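Chemist: My structure is below; once you've seen it, I'll send some questions.
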Amino acid sequence: MRGTPAETPASCPVLIMGAGSVGCYVGGCLQAAGVPVDFVGRPRVLDGLRQHGLRVTDLDGADRRIPADSLRLHEQVPAGGAHALVLLCVKSPATAAAARELAERLPLGTVVLSMQNGLRNAEVASAAAPGLRLVPGMVPYNIAELAPGHVHRGTDGHLAARHDATLAAWVPRFNAAGIPLDLHADLLPLQWGKLLLNLNNPVNALSGLPLLAQLLDAGHRRQFAALVQEALGVLSAAGIHPAQLTSLPWPWLVRVLRLPTPLFRVIAARMLRVDKLARSSMADDLALGRPTEIDALSGEVVRLAKSVGAQAPLNEAITARVRALQA
């Protein structure tokens with residue numbers, strides 16, 4: 001680990017550690033707004049970016065394009081450079097290895113914002129790279145890779161992170177890039193709220209359907225509702241109060257998910273503002289034969305249940321199903 005980090009947004013580039021769907025979307029928006037960005041990713045993704053450039057679209061009609069020759073692409077963290085901010089966007093199973101690579105090549109105290117699913121990634125990264133300044137964050141929306149070099153945001157929301165003095169200086173830059181960033185003194189309720197919504201990821205992955213079609217299927221919707229209701233019981237036993245991330249309180253959302261589809265369409269119209277092209281990242285992972293984040297989602301519910309002497313058989317069963325498909 002080297003020197004000391006840069007402190008101002010304008011002085012050094014942002015590093016995207018994990019140029020997948022989330023990394024390319026957030027990094028692409030920042031670069032389109034004039035922020036210099038380095039992308040570190042897998043050869044498959046980088047090859048697509050080299051051939052096609054980066055296209056970033058969303059359900060609101062935005063369409064940003066960055067030519068391939070304007071992209072700074074790397075298969076490893078570039079050595080000897082300083083970055084004002086690192087966005088850790090790798091999938092949960094790769095967190096520790098990514099953090100160790102960052103620690104080997106970045107200055108002491110570099111701010112690393114974990115933009116990952118689940119609850120423990122910042123903790124895992126901090127343990128693997130104690131010299132870095134890890135901050136937990138949360139990405140609320142769905143982002144899908146539609147084609148090589150083309151990522152698409154299919155749902156709404158604001159990025160969130162635990163309050164940090166360095167991040168506060170970045171808020172105007174994120175807002176100007178069209179990816180608003182909200183800072184919170186306590187991020188845990190939001191992380192649990194996002195995790196509850198992400199319990200639909202394994203349902204979607206196992207359904208084989210796009211998100212909108214899956215949500216309009218009563219059977220899949222009821223399965224999602226059952227997973228959420230079970231998790232709410234576990235959270236109650238643990239004294240945890242998840243943030244409300246939809247227009248409905250969690251118990252009401254569970255009821256609405258169980259309504260017949262014609263009624264669901266009317267009552268959950270805002271929830272159904274989902275692009276027809278959107279799908280879960282877990283569906284992509286299974287299709288590509290990659291490890292999924294099931295242990296950071298339903299697996300987290302199971303771990304919490306065991307810690308408070310409760311049970312979560314539905315989340316345990318779907319975890320086992322996804323693990324079997326991974327294998």
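The values are calculated or read from the model by the stated rules, or taken from the named source; none is laboratory data. Because the structure is predicted, anything quoted here is derived from the model rather than measured. Because the Cβ atoms are built from the backbone with ideal geometry, glycine has one as well, and the counts that use them run over all protein chains shown. Just the protein is used for accessible areas: all its heavy atoms, side chains included, with ligands, DNA and RNA removed. Shrake-Rupley method; radii C 1.70, N 1.55, O 1.52, S 1.80 Å.
Chemist: Between helix 188-198 and the chain, what is the angle of the helix's C-alpha long axis to the longest principal axis, kept within 0 to 90° and rounded to the nearest 10?
Modeler: The helix 188-198 is inclined about 60 degrees to the chain.
Chemist: Mind listing the Cα extents of the stretch 231-291 along all three principal axes, in Å, largest one first?
Modeler: That works out to 37, 34, 18 Å along the principal axes.
Chemist: If R0 is 35 Å, what FRET efficiency do you get for Gln311 and Asp284 from their C-beta distance, rounded to 0.05?
Modeler: 0.70
Chemist: Rounded to the nearest 500, what is the chain's calculated 222 nm mean residue ellipticity when only DSSP H runs of at least 4 contribute -39500 (n - 2.57) each, over all residues? The partial results should precede the final answer.
Modeler: Values: 15 runs with 143 residues, N = 327.
Roughly -12500 deg cm²/dmol at 222 nm, from the helical runs in the chain.
Chemist: Let me know the Rg and Dmax you get for the stretch 85-150 when you use only its Cα atoms, in Å.
Modeler: For the stretch 85-150, the Cα-based Rg and Dmax read 12.4, 37 Å.
Chemist: Within the accessible area of the chain, what % is carbon and sulfur when the probe is 1.4 Å and the other protein chains stay in place?
Modeler: 55
Chemist: A further question follows. Grab the Cα-Cα distance for Arg44 and Ala213, subtract it from 0.36 nm times how many residues apart they are, and report the gain in nm with one decimal.
Modeler: 58.0 nm
Chemist: Between Ala237 and Asp186, take the C-beta separation as r, use R0 = 22 Å, and let me know the FRET efficiency to the nearest 0.05.
Modeler: Calculated transfer efficiency: 0.65.
Chemist: Using label points projected 7 Å from each Cα along Cα→Cβ, tell me how many nm separate Gln326 and Ala269, to one decimal.
Modeler: Here the answer is 4.0 nm between the modelled labels.
Chemist: Can you compute the modelled spin-label distance between Arg255 and Asp63, with each label point 7 Å from Cα toward Cβ, in nm?
Modeler: Computed distance between label sites Arg255 and Asp63 equals 4.3 nm.
Chemist: Still on this structure, I have one more. With a 1.4 Å probe and all protein chains in place, put Glu101, Glu75 in order of accessible area, largest first.
Modeler: Working: Glu101 50, Glu75 105 Å².
Solvent-accessible surface, decreasing: Glu75, Glu101.
Chemist: Once you have the alpha carbon radius of gyration of the stretch 121-252, what is it after dividing by 2.2 N^0.38 Å, with N set to its residue count?
Modeler: The stretch 121-252 yields a ratio of 1.19.
Chemist: Per residue and in Å³, how big is the convex hull formed by the alpha-carbon atoms of the stretch 165-311?
Modeler: 146
Chemist: Go ahead and run the numbers for FRET between Arg133 and Lys276, Cβ-Cβ distance against an R0 of 41 Å, rounding to 0.05.
Modeler: The calculated FRET efficiency here is 0.55.
Chemist: Okay, next question. Relative to the longest principal axis of the chain, what angle (0 to 90°, nearest 10) does the C-alpha long axis of helix 43-52 take?
Modeler: 70
Chemist: If you roll a 1.4 Å probe over the heavy atoms of the protein chains, what accessible area per residue do you get for the chain, in Å²?
Modeler: 42
Chemist: Given the Cα-Cα distance of Glu123 and Gln244 and 0.36 nm per residue of separation, how much length would full extension add, in nm?
Modeler: Computed gain between Glu123 and Gln244 is 41.2 nm.
Chemist: Something else now. Which entry is the computed Rg/Rh (Cα atoms, Kirkwood Rh) for this structure: (1) 0.96; (2) 0.99; (3) 1.03?
Modeler: Structure-derived value, by its label: (1).
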